[in-house]
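The values are calculated or read from the model by the stated rules, or taken from the named source; none is laboratory data. All of these numbers come straight from a predicted model, not from anything done at the bench. Ligands, DNA and RNA are excluded from the accessible area calculation, which covers all protein heavy atoms including side chains. Shrake-Rupley method; radii C 1.70, N 1.55, O 1.52, S 1.80 Å.
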Amino acid sequence: MTQRGRATRSSGPAGRPRRSDGPRGPERSGAPRGDLAARRARLREVIEPVVTTAGYDLEDLSVSRAGRRHVVRVIVDADGGISLDAVADVSRAVSAALDAAEEAAGDIVAGEYQLEVSSPGVDRPLTLPRHWRRNVGRLVKVTVRGAAGDRQLTGRVTAADDERVTLETDAGPAAHPYAELGPGRVQVEFSRLDDLADADLDDDTDTDIDDDEEDLEDEER
């Protein structure tokens, strides 16, 4: 079963944070330290090939500080989503690649850091064609740019290719080139959950009626 937006895994034995306190390689001093942008670029050089080789897309890579240590967050995805087991496999592969890179060229992130690998949640903005393609069937809100100004549009994604996305709205279907669209946001549809709950309730009610009829037939016998 594919789970989206729920997997978070820390690298290192038993989830302990990775440490880089002592010399890890002969060229430790060459690793970037103060420049966060350079740090991210170096991390991407190491991580992206690992993710791509595993058959997934690197959707986001960020480095932030949490107290005395850094947190390296890696977001990966694929057509059809990515399972929890796959996320765990990618996490182990990324951790091994980072260890090897540090052994060869020194620390990539100075001090302690924790690695978190996860899949995107529904709150991730849709900015690339593959994001729209992976959300066909979902309700999305997006800003549409036009000569008369920007307007907010809410519609269901019915098709998406490399050039445009088709949205079904109250006014009917319409295709929009990606150049006209801002980041899309998937909408949580509570009404669908309510419909499922009502369906379950109806099923329970039917069962109770059938049971009552069977009891009545037994009494008549």
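Round to the nearest 10 and report in Å² the accessible area of Leu139, as given by a 1.4 Å probe over the protein chains' heavy atoms.
Counting only protein heavy atoms, Leu139 exposes about 40 Å² to solvent.
Considering only the range 33-138, what is the antiparallel percent among its DSSP beta bridges, to the nearest 5?
Roughly 60 percent of the DSSP beta bridges within the range 33-138 come out antiparallel.
For the range 41-58 and the range 99-153, what is the centre-to-centre distance using only Cα atoms, to the nearest Å?
Taking the Cα centre of the range 99-153 as reference, the centre of the range 41-58 is 14 Å away.
How many percent of the accessible area of the range 125-186 is carbon or sulfur, using a 1.4 Å probe?
About 49 percent, which is the carbon plus sulfur part of the accessible surface.
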